[in-house]
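Just below is one structure, and these are the notes that go with it.
The numbers here are math on the coordinates, done by the rules we state, and not lab data. Fair warning: this is a prediction, and the values are worked out from it, not measured in the lab. Every residue, glycine as well, gets a Cβ built from its backbone with ideal geometry; the counts of neighbours run over all protein chains shown.
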Amino acid sequence: MTKPLNTFNSLLQIQKLDKFFGGLHAVNSVSFDVKPGIIKAVIGPNGAGKTTLFNMIAGYYTPGGGQVFFKDILLTGMQPFQVAGKGVFRTFQNLKLSHRLSVMNNILLGRHTRGQAGFLAGMLALKKSRREEKEAEEAVLPILEWLNLLELKDTEVGNLSFGNQRAVELARALAADPAMLLLDEPAAGLNMHETEELAQRIQEIRDQGRTILLVEHDMSLVMEISDEIVVLNFGQKIAEGKPKEIQDNEEVIRIYLGGDDA
Amino acid sequence: MKRYYSVLLLAAVIVIIQVLTLITGKAYLLTQLTMSAYYIVVAVGLCMVMGYAGQISLGQAGFFAIGGYTTAFLTTIDFSGKAETGLYRMLDTPGLLITKETLYGDTIIHLTPWISLLAAVLIAAVTAYALGIPILKLKGHYLAMATMGFGIIIYRIVLGSRIFGEADGISNVPSFPVFPGISVSGDFTSRISNYYIAWLLVILGMLLLINLINSRVGRALRSLHGSEEASDAMGVDTSRYKVIVFVIGAVFAAVAGFFMTHYNGGIGPSEAGVAKSVRYVAIVAVGGMANLWGSLIMGLVLNFLSLRGVFGHFDDAVFGIILVFMMMFIPDGFIHTDVIHDIKEMLRPLSMRKKKLKKKQEVSND
């Protein structure tokens, strides 16, 4: 028996992560925890190291130092596909979709870790493989419906509007039934109406019991939906707390509104 | 079941063509159709690697040669007069040796091609695996160059080794008894059965690949073509998948080389040449890249014309020009989706097509 999720004080633990790019200290000894079932946002000005931090959690970059734990599994040193195998799934700021494939096929990719059929089972169309395919298609239908993609399911992703492409990215990550979702600037490029819809959806995803870590530029979105916020500046964590505390934090205000010493 | 309809159609076309050649008295065309079929097996294998998984290979002729030369070498060893050796007894006891009489009445004892088929597949698979692990980390034209380098190495090996017959290649390769009473060989008397064996192999290959494309693994391969990072993020072990699909392409090429060698009764170094590899890439490109049926149709048309000598002295040049033209103007190929779908679309009343087009535009304007 594994321990039920809620006995973990924190689902994701980030401990003293460091990353250098040449002489640039992109992420400087950043530590924080993400408790299960909450929305946590990482904010900061351009170049603060948010995306670098994300890429280290998801296995795309190897940290110069420090560790990331998910539950009590060490994620640091794993390949991105192995991180996904543990239940941590991400979306991309610059959408990464297969434009020539249908919406359905793009989203079904999210079910990859839920299946087992390999090359041989696929080539021989073994019963196991066909059953898995059917189950996967059934599993993603509610997600398609929820994101209003059902009618577009056979459309090539390249023919979709930007907003719908963003929705496909989200749907793909959700199809994996993730314990933890990493959203990299999910509102980038969306209009106000779409951003509001997204805010609603992210909160609904949390209410389903999933944990969300997001990097975002849109301040009002972050303040509206986040349970906790971490602020980065020049690679360092300068503040952490509830949205209200962050809004009142003098250093954060100075960074965002520009200080006298600038 | 629906996905197999086009395969049934293919089977019907194969039979119709054979009957037509019989009626019109042009049965000699079956020879080129048979050889085209074997080249198609290489092309559809490459289509999976290049069109679907997005990994270019300019070394398929090398794998074809591995298959062909493995069997040519192994089945031309004459065991007659070596009945006392341990190896002979080891092979003879389970019935792995075939005794034959030559035209001059001599007796030849050779290894059954079933064993060399196994060897050909294994050697090609192991080579592709060992080669694939380091070079599939490369992308785009770097990968193309690395695979081409491999092709050149194989070419130089077969050209420079005495055991592979140097520039002459290996001849007198025995026939391959696939089914009782039916052999893969260039005999005039077995022209029709050989035509069917070759196309049966194409159908078998198509079935395996169609199944693969429509499976979990197939989707992962196509996605890694679209975005490798995204496939990684969704838990696909992309480096492993790339190597395995490369191995599959190599095995297809090796099996084709094996059959072709028994059909022709020999193999020469030109089959391993880079010009041949370019052909396969050109066929997949002109067939629409991620399109098995396109590769099959273009593989049939171009190889058939080439083997009939239509391109004359410019044979290799034609394929080169096709490749240059495709890369410059239509890198995604002529045929975009399923051919059957295209034909259906063409046959639909114009009014219905307009309606669909309008709907598509609305979607993209959304």
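Before moving on, here are some points about what is shown:
- Largest GNM mean-square fluctuation across B:Ala83, B:Ala285, B:Ala317, computed for chain B with C-alpha springs under 10 Å, falls on B:Ala83.
- Peptide packing for B:125-131, B:56-62, A:226-232 was compared via the average number of neighbouring C-beta atoms within 10 Å per residue; ordered from the highest value, the list is B:56-62, A:226-232, B:125-131.
- Cα lying deepest toward the dipole's positive end in the protein assembly as shown, options B:Val19, A:Ala48, A:Ser31, charges on Cβ: B:Val19
- The charge dipole of chain A, taken about the Cα centre with unit charges on the Cβ atoms of Lys, Arg (+1) and Asp, Glu (-1), comes to about 1300 debye, rounded to the nearest 20.
- Fewest-first sequence of B:Thr261, A:Thr76 by Cβ atoms within 10 Å of each Cβ: A:Thr76, B:Thr261
- For A:Asn28, neighbours were defined as the other residues whose beta-carbon sits under 11 Å from its Cβ, and their charges (Lys and Arg +1, Asp and Glu -1) total +2.
- Around the Cα centre of the protein assembly as shown, unit charges on the Cβ atoms of Lys, Arg, Asp and Glu (plus for the first two, minus for the last two) sum to a dipole of about 1500 debye.
- Projecting the Cα positions of B:Gly312, B:Ile98, B:Leu9 onto the charge dipole of chain B (unit charges on Cβ atoms of Lys, Arg, Asp and Glu, taken about the Cα centre) puts B:Leu9 furthest along the positive direction.
- Exceeding the 24 Å Cα-Cα cut-off - candidates A:Lys86/B:Lys242; A:Lys50/A:Lys96; A:Lys16/A:Lys71; A:Lys134/B:Lys137; A:Lys71/A:Lys153; A:Lys96/A:Lys237: A:Lys134/B:Lys137; A:Lys71/A:Lys153; A:Lys96/A:Lys237
- Between the alpha-carbon centres of the range B:105-127 and the range B:290-305 there is a gap of 29 Å.
- Look at the stretch B:235-244: the mean tally of other chain Cβ atoms within 10 Å of its residues' Cβ atoms is 4.
- Between 0 and 90°, nearest 10: helix A:192-207 axis offset from chain A longest Cα axis: 80
- From the alpha carbon centroid of the range A:54-92 to that of the range B:222-244 is 17 Å.
- Placing unit charges on each Cβ (+1 for Lys and Arg, -1 for Asp and Glu) gives the range A:100-177 a dipole about its Cα centre, and among A:Leu120, A:Val103, A:Thr155 the Cα reaching farthest toward its positive end belongs to A:Leu120.
- Proximal charge balance of B:Ala61 [Cβ under 9 Å; K/R count +1, D/E count -1]: +1
- A:Val27 long-range amide H proximity, modeled H, under 5 Å: A:Lys19
- What the Cα atoms of the protein assembly as shown give is an Rg and a Dmax of 29.4, 105 Å.
- Residues B:Tyr52, B:Tyr39, B:Tyr5, sorted so that the one with the fewest Cβ neighbours within 10 Å comes first: B:Tyr5, B:Tyr52, B:Tyr39
- Of all the options B:Val286, B:Val278, B:Val13, the one that moves most in a Gaussian network model of chain B with Cα springs shorter than 10 angstrom is B:Val13.
- Highest-MSF residue in chain A out of A:Ile73, A:Ile107, A:Ile57 [GNM, Cα springs under 10 Å]: A:Ile73
- Computed magnitude of the charge dipole of the range B:29-335 (debye, nearest 20; Cβ of K, R +1, Cβ of D, E -1): 500
- Chain A, relative contact order in percent, only Cα pairs under 8 angstrom and at least six apart counted: 27
- Note on A:107-117: average number of Cβ atoms from other chains within 10 Å of each residue's Cβ is 5.
- Euclidean distance between Cα centres, the range A:168-224 to the range B:53-80, Å: 53
- Ranked list, fewest to most other Cβ atoms within 10 Å of each Cβ, for A:Asp207, B:Asp232, A:Asp33: A:Asp207, A:Asp33, B:Asp232
- Summed residue charge, Cβ within 15 Å of A:Lys19's Cβ, Lys/Arg positive, Asp/Glu negative: +2
- Principal-axis analysis of the Cα atoms of chain A puts helix A:127-146 at an angle of about 50° to the longest axis.
- Helix B:350-365 and the long axis of chain B differ in direction by around 80°, with both axes built from C-alpha atoms.
- Cα-based shape type of the range B:1-134, given that a ≥ b ≥ c are square roots of the gyration tensor eigenvalues and the cut on a/c is 1.5: oblate
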